[in-house]
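The values are calculated or read from the model by the stated rules, or taken from the named source; none is laboratory data. All values reported here derive from a predicted model rather than from experimental measurement. We place every Cβ from the backbone using ideal geometry, glycine too, and count neighbours over all the protein chains shown.
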Amino acid sequence: MKSKRKHQQKKGTCAYCGKEAFVSDDHIPPKNLFAHPRPSNLITVPSCKKCHDNTSKDDEYFLHILSIRMDVHEHPDAKQNWKAIFESLRRLSNYKYVKYLFNERRKVDLFSRSGLYIGDTIAVKFDMDRLCKVVNRIIKGLFFLHMGAIIPAEYTITIYPIEGLNISLRDYKKDLKDFFLKFKNIEPIIIGNNVFLYKYLVASDDKYSSAWLLMFYGKVMFFALVKRMNNDL
């Protein structure tokens, strides 16, 4: 039976590790972000079993954290996904995960854009490294989709959550803001009901050096640079 299932799979190049292997389709971004009925233009890339295994929990965490944001939960797809999220959290197997989320809650003050205090609410402290792990996989998949190759080992992916971009810029010699502004004139690629939007730029002198702008639910943004290691920006 094992060998029969193996032969039903297709042989191809894994979008993440570049190895020739039996591959299956991996959705980027995770398809759980999209409510039913899911759009017909979901993106998939080939992934070997090793690269695909153990991604579901991170994908689930990514969905949960994005969906509970105050600026996202009114998005139609995010609202429709709440039922599935609650059912997932109620499962006995998720007891430790629910306890983890419960322990990460804290009270935070709310302020208007003008700085006026308007009350407080309960927020969940999230694991940015874990969110960026999912974004990293999405970037690798999109790179393979558009370039037809994997990102070489001597290149790194640096991810900047847009909300913290100004802080991140202090660590770099060049002003990434100018680079970021180049995206303004690029038409976005939109998947679903504005659930996922992305833009990308490729350096004219290096097909592997590139910049990516990702947006989820019309609110949550990540900026990423793919560059050769030890190259100053």
Please verify whether ASP71 is part of a helix (DSSP H, G or I), of a type in the set (Asp, Glu) and at pLDDT 75 or above, treating the condition exactly as stated. no
Spot the failing condition for LYS174; the list is (1) closer than 24 Å to PHE144 by Cβ; (2) part of a loop (DSSP other than H, G, I, E, B); (3) modelled with pLDDT under 90, and only one is missed. (1)
Among the listed residues SER40, SER114, identify the single one that is modelled with pLDDT of 85 or more, in a loop (DSSP other than H, G, I, E, B), out of contact with any strand residue (DSSP E or B) (no Cβ under 7 Å at 6 or more places or on another chain) and over 23 Å from PHE222 (Cα atoms). SER40
Residue pairs qualifying under the 6 Å Cβ cut-off, at least six apart or on distinct chains, with the first in segment 13-28 being in contact (Cβ under 8 Å) with a residue 12 or more places away in the chain and of a type in the set (A, V, I, L, M, F, W, C) and the second being surrounded by fewer than 16 Cβ atoms within 10 Å (Cβ to Cβ) and assigned to a loop (DSSP other than H, G, I, E, B), are PHE22/GLN9
For PRO29, state whether it is at pLDDT 95 or above, of a type outside the set (A, V, I, L, M, F, W, C) and not in a loop (DSSP other than H, G, I, E, B). no
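Listed here are the residues, each with its yes/no results for (1) at pLDDT 70 or above; (2) within 13 Å of the chain's Cα centre (by Cα); (3) in a loop (DSSP other than H, G, I, E, B).
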| residue | (1), (2), (3) |
| --- | --- |
| ARG106 | no, no, no |
| ASP109 | no, no, no |
| VAL135 | yes, yes, no |
| LYS140 | yes, yes, no |
| HIS146 | yes, no, no |
| ILE151 | yes, no, yes |
| GLU163 | no, no, no |
